[in-house]
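Below: the structure, in structure tokens.
The values are calculated or read from the model by the stated rules, or taken from the named source; none is laboratory data. Please read these numbers as outputs of a predicted model, since none were measured by experiment. Quick reminder, even Gly has a Cβ in these numbers, built from the backbone with ideal geometry, and neighbours come from all protein chains shown.
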């Protein structure tokens, strides 16, 4: 454990919460103030942490005291003062924080192996102005300090972004060179190889000395794809746990959809929500706790966040359907009616905008410019439009029907010589039930392109009624009655399946209202009332069998 003190002084861990430091920010007014301040703060972070950890190690205690943790967090917070010294705006947002931590330490490692010029030879603001320069390169290196010419940091001197892009390659070349300044010797190697992130993440649960024990130190020397052995163990354990949770939740979703009715589609949210949560949590654990590095970090972390944004879009899309169906159910609309289809369309339009916004934000976070994402969506949309002109024509025609409402469900119509009763209006076609019982599907663009003869008076074969049952009626009896009523109506040849709407509509002090709504198939002439009476009596018999009418207190109200 001889490296124990040096290891724990790595305090640049932005993923943890800590008190805000009151120390002054890094001076970026000139190359001299930037370089000297950067070196001083980095050295101070490394050495001050060692004193606190040394006291903890020599105490023999399992856990750090709250005061020791507070001290470490305050020192760690000073590391944030190094962040303004580097310009990482070119990096993707999702990897910027972790890359920032690594680059700050790599930069210190490279500078410690270079013979820097005396402080008075490093140009200050006055010298840069007199020389008419905005860029200064550290002698013997490719590292340059550049003055920012625009934006909120205008006038500040930062380590140039083009230098930072080449910094990992510079570090690989420099790490074999001897140290000129040994104040933070082997800092980056220990940052990458030792379980510092795991130690901090579990500091209040697992004693730090148990995380950094002889076994983990020894396993850190065994590396596969530049990842120490202990990290691969953590990666496989995390993958196994996430896989088990995902499999359990997906199987639960499938079972619920098979065994329970889900008219609103709530169960369709389980799968995308599972992927959203697990991908985000996995990315945070891999990046902030296990601290994967190099190619594994640059491959796995963006992939997980890309999966997060795609599954979040999937979740929004399904959520839009759920909300639309909930509105339709709450307003007791007939499922195939014009109003219900219009509700679905408007909700789908809203969710489409949310999906596009999510993909644009996600693309930007992954380093893809917003204009390229929007352009790709536009090109893809144009290609789809050209390949599906007839489908789009029907869609636009359906919107015209929905907004103008030349007829409603149950209306008698004659469209292009096809006469019958409107049974449903979809985004592609309108379905009409002929007098003989046959279902005729007419493309919507043909519906609006010709004359329409429609009788929009309230159809006589439209039934709407409310059954009020006593408040003491068992819930299971009401649930059984609702399901049996739906099944009975769906099985009846006299009822249009798409028009069936049965469910609890209101809870009052007088009882529970169960709303019934459906449309009879075909015209019955003078026998319409007889058919209505026949079906309602059948439903009352179902109520008696299910137990909700046993007390004789139920009331049937026609709407």
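Among the candidates 305, 317, single out the residue that is under 13 Å from the mean Cα position of the chain (by Cα), under 23 Å from residue 428 (Cβ atoms) and touching a residue at least 24 places away in the same chain (Cβ under 8 Å). Step through it out loud before you land on a result.
Values: 305 fails: under 23 Å from residue 428 (Cβ atoms).
When all the criteria are applied, what remains is 317.
All but one of (1) touching a helix residue (DSSP H, G or I) at 6+ places or on another chain (Cβ under 7 Å); (2) crowded, with 19+ Cβ neighbours inside 10 Å; (3) outside any helix (DSSP H, G or I) hold for residue 188, so report the exception by its number.
(3)
Residues being surrounded by fewer than 17 Cβ atoms within 10 Å (Cβ to Cβ) and not in a loop (DSSP other than H, G, I, E, B): count how many of those fall in segment 416-441.
Looking only at that region, the number is 5.
Kindly check whether there is at least one residue in segment 58-66 that is touching a helix residue (DSSP H, G or I) at 6+ places or on another chain (Cβ under 8 Å) and over 13 Å from residue 208 (Cβ atoms).
Checking segment 58-66: not a single residue is touching a helix residue (DSSP H, G or I) at 6+ places or on another chain (Cβ under 8 Å) and over 13 Å from residue 208 (Cβ atoms).
Could you pull out the residue among 167, 229 that is within 30 Å of residue 117 (Cα to Cα), in contact with a helix residue (DSSP H, G or I) (Cβ under 6 Å, 6 or more places away or on another chain) and surrounded by 12 or more Cβ atoms within 10 Å (Cβ to Cβ)? Walk me through it before giving the result.
Numbers: 229 fails: within 30 Å of residue 117 (Cα to Cα).
Going through 167, 229 in turn, the sole match is 167.
Have a look at 395, 386, 382 and point out the one that is surrounded by 15 or more Cβ atoms within 10 Å (Cβ to Cβ), at pLDDT below 75 and within 39 Å of the chain's Cα centre (by Cα).
Testing whether each residue is surrounded by 15 or more Cβ atoms within 10 Å (Cβ to Cβ), at pLDDT below 75 and within 39 Å of the chain's Cα centre (by Cα) leaves just 395.
Counting only residues that are closer than 26 Å to residue 95 by Cα and modelled with pLDDT of 80 or more, give me the helices (runs of 4 or more DSSP H) lying completely in segment 1-81 with at least 1 of them.
Details: elements: 4-8, 31-59, 66-78.
Hits in segment 1-81: 31-59.
Tell me, yes or no, whether segment 500-507 has at least one residue that is buried (at least 16 other Cβ atoms within 10 Å of the Cβ), more than 21 Å from residue 439 (Cβ to Cβ), modelled with pLDDT of 85 or more and outside the structural domain of residue 411 (by TED's automatic domain parsing).
yes
Among the residues of segment 223-239, is any within 26 Å of residue 168 (Cβ to Cβ), in contact with a strand residue (DSSP E or B) (Cβ under 7 Å, 6 or more places away or on another chain) and in a helix (DSSP H, G or I)?
yes
For segment 124-146, which residues satisfy the criterion of being touching a helix residue (DSSP H, G or I) at 6+ places or on another chain (Cβ under 6 Å) and buried (at least 19 other Cβ atoms within 10 Å of the Cβ)?
136, 143, 145
Could you list, in sequence order, all residues of segment 196-222 that are over 27 Å from residue 73 (Cα atoms) and out of contact with any strand residue (DSSP E or B) (no Cβ under 8 Å at 6 or more places or on another chain)?
218
If you check residue 156 against the conditions, is it crowded, with 19+ Cβ neighbours inside 10 Å and at pLDDT 90 or above?
When the stated conditions are applied, residue 156 passes them.
On the given criteria, is residue 91 at pLDDT below 85, in contact with a helix residue (DSSP H, G or I) (Cβ under 7 Å, 6 or more places away or on another chain) and surrounded by fewer than 21 Cβ atoms within 10 Å (Cβ to Cβ)?
Working: at pLDDT below 85: yes; in contact with a helix residue (DSSP H, G or I) (Cβ under 7 Å, 6 or more places away or on another chain): yes; surrounded by fewer than 21 Cβ atoms within 10 Å (Cβ to Cβ): yes.
Answer is yes for this residue.
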